[in-house]
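Here's the structure we're looking at; comments come further down.
The values are calculated or read from the model by the stated rules, or taken from the named source; none is laboratory data. What you are looking at is a predicted structure, and each value in this text was computed from that prediction instead of being measured. FYI the Cβ positions are ideal-geometry reconstructions off the backbone, even for glycines, and counts take in every protein chain you see. For the accessible areas, the whole protein counts, side chains as well, though only heavy atoms, and no ligand, DNA or RNA atoms are used. Shrake-Rupley method; radii C 1.70, N 1.55, O 1.52, S 1.80 Å.
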Amino acid sequence: ISTIDQAIEIDEKRADLHLLKAKAMLLLDRPQAARACLQHALVLSPEAPETIVSGIEILQQIGEYASALELAEKYLLLNPHDLGAHYKVADLARSLLQFDYAYRVLREGWPLPETGGAQADTVNRPAITLEDAFSYYCLYGEISLEKDDELAAAEGLTQAMRINENHPRILALQARLEARTGDLPEGVTTFETLLTQYNDAEANPAPLAG
């Protein structure tokens, strides 16, 4: 911390130094100090992507989800074609039980651009990875269920299953949808498959990379 403070004394207008101190304060379990450092960074560099993205993460870690959502909305306003920004706003809105709003934000990015390629689509959105598309579809399905819109949930589930039909997140969504639509036996079977996957993962954890 003392080294960061010395650097700030030399150039107090560097937002990145205040962000670095904010993250250090989090590691020291000093959330209010982290919040104060973040505020300095946001004043100095209010529209810099790295400041906003780091700010969202810091606010989430200290439990200020409403403030994190406001910052995510600002990022989305500055980057309207960034599907990651749509996802972040929707995910934070869901954490605040704002399901209608989360759904609308996700629909703004629908349909998704091509995955895996280098070409942008007709509204200049860059191609996205399969992993990002999968997460987007899953969140869309999950939020649709919260809105009691089984058809939209099935749409998200179908798209996500085309990418990875055996992912635990898929199985969880599928089990909920099956139970919601009255196919309880299938829902139970899907849940049992999910539980088996979980138990297998617990018994055989993946080795650490390195």
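Quick look at the values:
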| item | result |
| --- | --- |
| Some residue of region 72-79 being acidic (D, E), closer than 21 Å to Q174 by Cα and modelled with pLDDT of 90 or more | no |
| Selection count, region 1-52, where residues are touching a helix residue (DSSP H, G or I) at 6+ places or on another chain (Cβ under 7 Å), open to solvent by 50 Å² or more (accessible area, probe 1.4 Å) and among the polar types (S, T, N, Q) | 0 |
| Count - residues of region 92-106 that are under 20 Å from L151 (Cα atoms) and either in contact with an Asp or Glu (Cβ under 8 Å, 6 or more places away or on another chain) or open to solvent by less than 70 Å² (accessible area, probe 1.4 Å) (or both) | 7 |
| Count - residues of region 54-79 that are among the hydrophobic types (A, V, I, L, M, F, W, C) and open to solvent by 60 Å² or more (accessible area, probe 1.4 Å) | 2 |
| From the options E131, E146, residue that is surrounded by 14 or more Cβ atoms within 10 Å (Cβ to Cβ), of a type in the set (D, E) and either out of contact with any Pro (no Cβ under 9 Å at 6 or more places or on another chain) or at pLDDT below 85 (or both) | E146 |
| Entirely in region 1-109, the helices (runs of 4 or more DSSP H) that have 2 or more residues that are closer than 20 Å to E142 by Cα and under 16 Å from the mean Cα position of the chain (by Cα) | 65-78, 83-95, 99-108 |
